[in-house]
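This report refers to the structure that appears directly beneath it.
Throughout, read-outs are computed from the coordinates displayed, never taken from laboratory work. Note that this is a predicted model, so its numbers are computed, not measured. Please note: Cβ atoms are built from the backbone with ideal geometry, for glycine as well, and neighbour counts cover all protein chains shown.
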Amino acid sequence: MSLKIKEEIKVILEISELEGEDITLRRLCSMFNVEMPSKLREYGDLPPRIALAIAYLDRELRELLKEASQDFIREKIHGFS
């Protein structure tokens, strides 16, 4: 399950970069048909990157957020995304 959440977070990071910060996390996920991890639903009314920054304070999500962010950045640097 944690791998699934990590991948969902990575997708949220990717589409956030495209769409920007003008919409909420809930709307962004809905627009791109991405399942929002249940642990992030309480932050759904916030902009995506703000929601992820607040979620980082949750010990359960912290490592998944770090891994997803590292994967996202690595793919950006190496051109795989």
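Key figures for this structure:
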{"item": "Whole-number percent relative contact order across the chain, with pairs defined as alpha carbons under 8 Å at least 6 apart", "result": "35"}
{"item": "Gyration tensor (Cα) of the chain, equivalent ellipsoid semi-axes in angstrom", "result": "17, 16, 11"}
{"item": "Backbone HN-Hα couplings from phi across the stretch 27-39 [Karplus 6.51/-1.76/1.60, Hz, Gly and Pro as x]", "result": "5, 4, 5, 5, 4, 9, 6, 10, 6, 7, x, 4, 5"}
{"item": "Pair E60, K76: separation of 7 Å Cα→Cβ label points (nm)", "result": "2.8"}
{"item": "Sites matching chymotrypsin sites (Phe, Trp or Tyr not before Pro) across the chain that sit in DSSP coil, with at most 16 neighbouring C-beta atoms within 10 Å", "result": "F32, Y56, F80"}
{"item": "Cleavage-rule hits, GluC sites (Glu not before Pro), the stretch 11-81, DSSP coil, Cβ neighbours within 10 Å at most 13", "result": "E21, E35"}
